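Working notes for the structure below.
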Amino acid sequence: MSPYATEESSVESGRPIELYEFAIEGGNTYRYTSAADDITAMSQLWTARPAIQRGRTTLGVENRESENVVTLPGDDQFALNFVPGAPSGAVTLVVRRLHAGDVTDIRRIYEGEVVEIEWVDQATIARVVCRPTEGASDAKMPRFDSGGLCPHMLYDSYCTVAEASFQYAGTVSSPSGDQITVSGLTASKGNGWATAGKVLCNGELRVVLLQSSDVLTLGSPFNQDPTGQAVTVSAGCDHTIATCDTKFGNEVNFGGSPHVPKNDPQRRF
C-alpha cells in the first residue's frame, strides 16, 4: 500500500493537506494550501490559506455537471480579479491532496472550471462556484449559423490567424478609469486597429471596446495601476469579410456567408 493510501485510510495518523491551483487563461496563477503554513510542493510555493474550504466531491455519471463551491476570504487577491467583471479567458481550478510530511505522493482529486464568484456575509467571504471539467465538456454546443458575419473567434483554430503576428508592444500612460493611453499605437497600426481586440498587462487580460487614437477603452479597469507598465495589444476584428481580407489576409478561412441574399427572393410581401 502506498504511503498516501496508508495515511488516507488511517483514523489517527492521517494529516491531510489540500492544494488549490486557480489559473486564469492569459493571466496569473494562484496557488493556495489548506495548511497552516506555506509549503513547497511540485516545485511550486503554495500560500497558506487555512480558511479555504470546499464542498464535497462526488463521483459518478450523474454528478458530472454538479457544482462545487470553494470559499475564500472576501479580500483574497484571486477573488478580487472578478470585482470589475469576469476575466476574458477561462478560469480553472485543480485541487490536489497529500498528507503532512510527504510532499511527493500527491493525488489530484478535483478539476473544474470557475463559473461564478459571489460575496456573502458583508463581503467577508467569496464563494467560488465551479463546475467539473468533465461536465463542462459534455455541454451541447450550437452549430454555426449561416450569416454574413464570420462566426469564428479571432485567433482560434477555425480562424487560424496567428495572434503573435498582429500584436503591438507599448507602454501605458495616463490611465483614467477604464481608459488607458498606449503611445505610438495609432502611428504604428492605425486608428481603430485594436477595437474589439484585447490588451495584456501584468498578467491581466482586458477586452478593448474602442480605440480612439492612442486611447483604449477597456471592458473593465485593471486591478493594478498600469502606469508606466508594458502592455501587449492584440488587433480586433469586426467579423466582416472585408476586414478578414484587407486586415488579416485570411479570406480563405472566412466562416460567414456574405453573398447570401438578405431577403428571400421568393417572398412577395
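Only the coordinates and a few stated rules stand behind these numbers; no lab work does. Quick caveat, the model's predicted, so the values are computed rather than measured. Every residue, glycine as well, gets a Cβ built from its backbone with ideal geometry; the counts of neighbours run over all protein chains shown.
Annotations for the structure displayed:
- Phi-based couplings in Hz for segment 32-37 (Karplus 6.51, -1.76, 1.60; Gly and Pro marked x): 10, 10, 7, 5, 6, 10
- Under 5 Å, built H, 5+ apart or other chain: amide partners of residue 116: 129
- Amide hydrogen neighbours beyond the local backbone of residue 236, cut-off 5 Å, H modeled: 194, 195, 197
- Sequence of 130, 201 once ranked by neighbouring C-beta atoms within 10 Å, starting from the fewest: 201, 130
- 3J(HN,Hα) along segment 124-132: 7, 10, 9, 9, 9, 8, 10, 10, x Hz, from the Karplus curve 6.51 cos²θ - 1.76 cosθ + 1.60 with θ = phi - 60°, whole Hz, x for Gly and Pro.
- Amide H contacts under 5 Å for residue 38: 48, restricted to partners 5 or more places along the chain or on a different chain, H placed in the peptide plane at 1.01 Å from N.
- 174, 66, 34 arranged by Cβ crowding within 10 Å, fewest neighbours leading: 174, 66, 34
- Evaluated at q = 0.12, 0.13, 0.18 Å⁻¹, a Debye calculation over the C-alpha positions of segment 163-253 (equal weights, vacuum) places log10 I(q)/I(0) at -0.34, -0.39, -0.72.
- Relative exposure of 46, 119, judged by other C-beta atoms within 10 Å (fewest first): 119, 46
- Residue-by-residue Karplus 3J(HN,Hα) for segment 208-219, coefficients 6.51, -1.76, 1.60, Hz, glycine and proline x: 9, 7, 7, 10, 10, 6, 8, 8, 10, 9, 9, x
- Within segment 186-260: Cβ-based charge dipole about Cα centre, in debye rounded to nearest 20 (Lys, Arg +1; Asp, Glu -1): 20 debye
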